[in-house]
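The values are calculated or read from the model by the stated rules, or taken from the named source; none is laboratory data. Small disclaimer: the values here were computed from a predicted structure and weren't measured. Quick reminder, even Gly has a Cβ in these numbers, built from the backbone with ideal geometry, and neighbours come from all protein chains shown.
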């Protein structure tokens, strides 16, 4: 099989007029800026990037361009912050003997590029593997092409944890190893979960993900779980009540969620697939399936032909409608929502899955601005202790997307972008399309 050219910093050099591996100055001129600090558009602006930081944002008629800068003409175009995948996955870099053959360097690096190709400049990886922290360092330092990575460690679940003492010990190990957060999966007992939570607060590391059945969403919220992903914990809690009481309990749990500053990562599209509510025949025709290994695609198709999981619902459409109701009420109440899709799970091709998610968030009552905010400003707030990004302003990390039209009027402009900047490195539409063709050709063999 022909070997896919591994992505490295050298591949970016064709995307800019000067070497982006150095501390160069890049300037977007005459561009309409969507800063995401509020629902506004700043018309005809010049944005100056030095290295990986935005250093100036001013009206174009008030600035003299710095000499020797790489100029990107933004006339008539729109510039927005890069988006985030807040429940994504990065394949293992050191697969074991039982790992499928497609888990190789090419799969890892093509996955990282797929995120960037769709405007994803930050990924919160929600399942760590051995040697993945080294990968994170290589990507975040610019040695490898990829989005900014923040990684959860290996899962806390019923198979990896067998006692409260082991849970506490594992928390300390993950903190010492340098993971950004702990990943919670189903299967933990209440005692194991409490030991994990208590130790996590003690050593200063957050935890997020699923809500184990013995724990329940109320206890998870009160225990300080930073994110509750997929909304399934809320669904499991609310389904025990009748319609009138359910509305009352939903209002109560939403208020509790706000009081404890818990973030929600809905992953609406993926969960409709998992519960069996999706249009599988349409999904089988997704064009982006050509960018993944044939074995992964076949796994998707196998599920579509026989949808079975621990979450498959007897009445999937009613289940999906309850999820939309929960998201709608959470959004109206001001619960903090983060964009995420759980890529590369079922039919959720990295990067592309964000654009499959956006209509589901809109169906859940969110406006275009609120949807974009969940992947930009909100993410910057979530990671405020680690870095400054998520808006377009002086001092912010230069993670940007250049668009032909205003995404607050039409979200499809994001998918049809003109180029992406990650940490001040510019990837033109032409460069992205050429690389996507290489990935497609590789997986077509």
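Conditions tested, residue by residue: (1) touching a strand residue (DSSP E or B) at 6+ places or on another chain (Cβ under 7 Å); (2) more than 25 Å from residue 117 (Cβ to Cβ); (3) crowded, with 16+ Cβ neighbours inside 10 Å.
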{"residue": "26", "(1), (2), (3)": "yes, no, yes"}
{"residue": "32", "(1), (2), (3)": "yes, no, yes"}
{"residue": "59", "(1), (2), (3)": "yes, yes, no"}
{"residue": "76", "(1), (2), (3)": "no, no, no"}
{"residue": "85", "(1), (2), (3)": "yes, no, yes"}
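Looking across the range 186-202, not a single residue is under 21 Å from residue 382 (Cα atoms) and in a loop (DSSP other than H, G, I, E, B).
Does the range 138-151 hold any residues that are in contact with a strand residue (DSSP E or B) (Cβ under 9 Å, 6 or more places away or on another chain), in a helix (DSSP H, G or I) and surrounded by fewer than 19 Cβ atoms within 10 Å (Cβ to Cβ), and which are they?
Quick first cut of the range 138-151, residues in contact with a strand residue (DSSP E or B) (Cβ under 9 Å, 6 or more places away or on another chain) only: 139-140, 142, 145-151.
Right, trim to in a helix (DSSP H, G or I) and you get 139-140.
Within the range 138-151, 140 is the sole residue that qualifies.
Counting the residues of the range 285-299 that are assigned to a loop (DSSP other than H, G, I, E, B) and in contact (Cβ under 8 Å) with a residue 60 or more places away in the chain gives 3. With the structure loaded, tell me whether residue 393 is out of contact with any helix residue (DSSP H, G or I) (no Cβ under 8 Å at 6 or more places or on another chain) and either in contact (Cβ under 8 Å) with a residue 12 or more places away in the chain or outside the structural domain of residue 104 (by TED's automatic domain parsing) (or both) or whether it fails that test. Against the criterion (out of contact with any helix residue (DSSP H, G or I) (no Cβ under 8 Å at 6 or more places or on another chain) and either in contact (Cβ under 8 Å) with a residue 12 or more places away in the chain or outside the structural domain of residue 104 (by TED's automatic domain parsing) (or both)), residue 393 qualifies.
For the range 323-334: of the residues being surrounded by 20 or more Cβ atoms within 10 Å (Cβ to Cβ) and either touching a residue at least 60 places away in the same chain (Cβ under 8 Å) or not assigned by TED's automatic domain parsing to the domain that holds residue 288 (or both), which is nearest to residue 278 (Cα to Cα)?
Going through the range 323-334, the residues surrounded by 20 or more Cβ atoms within 10 Å (Cβ to Cβ) turn out to be 323, 326-327, 330-331.
The next check asks that each one be either touching a residue at least 60 places away in the same chain (Cβ under 8 Å) or not assigned by TED's automatic domain parsing to the domain that holds residue 288 (or both); those that pass are 323, 326-327, 330.
Values: 323: 14, 326: 18, 327: 18, 330: 23 Å.
Top of the filtered list is 323.
Those helices (runs of 4 or more DSSP H) of the range 203-284 in which at least 2 residues are surrounded by fewer than 21 Cβ atoms within 10 Å (Cβ to Cβ), considering only elements entirely within it, cover 216-222, 232-238, 243-259, 280-283.
Test residue 433 against the stated conditions and say whether it is touching a helix residue (DSSP H, G or I) at 6+ places or on another chain (Cβ under 9 Å), at pLDDT 95 or above, surrounded by fewer than 16 Cβ atoms within 10 Å (Cβ to Cβ) and closer than 22 Å to residue 107 by Cα.
Values: touching a helix residue (DSSP H, G or I) at 6+ places or on another chain (Cβ under 9 Å): yes; at pLDDT 95 or above: yes; surrounded by fewer than 16 Cβ atoms within 10 Å (Cβ to Cβ): yes; closer than 22 Å to residue 107 by Cα: yes.
Yes; evaluated as a whole, the condition is true for this residue.
Note on the range 385-401: residues that are outside any loop (DSSP other than H, G, I, E, B) and surrounded by fewer than 22 Cβ atoms within 10 Å (Cβ to Cβ) amount to 0.
Kindly check whether there is at least one residue in the range 156-165 that is in the same structural domain as residue 263 (by TED's automatic domain parsing) and under 30 Å from residue 423 (Cβ atoms). If you could, list the steps in order and put the result at the bottom.
In the first step, residues of the range 156-165 are kept if they are in the same structural domain as residue 263 (by TED's automatic domain parsing); the result is 156-165.
Going one step further and asking which of them are under 30 Å from residue 423 (Cβ atoms), we end up with none.
No, because not a single residue in the range 156-165 is in the same structural domain as residue 263 (by TED's automatic domain parsing) and under 30 Å from residue 423 (Cβ atoms).
Any residue in the range 125-136 that is in a strand (DSSP E or B), touching a residue at least 24 places away in the same chain (Cβ under 8 Å) and either on the phi > 0 side of the Ramachandran plot or touching a strand residue (DSSP E or B) at 6+ places or on another chain (Cβ under 9 Å) (or both)? Yes, the range 125-136 contains a residue that is in a strand (DSSP E or B), touching a residue at least 24 places away in the same chain (Cβ under 8 Å) and either on the phi > 0 side of the Ramachandran plot or touching a strand residue (DSSP E or B) at 6+ places or on another chain (Cβ under 9 Å) (or both). Collect the residues in the range 318-341 that are more than 19 Å from the chain's Cα centre (by Cα) and over 16 Å from residue 243 (Cα atoms), keeping them in residue-number order. Within the range 318-341, 328, 330, 332, 333, 334 qualify.
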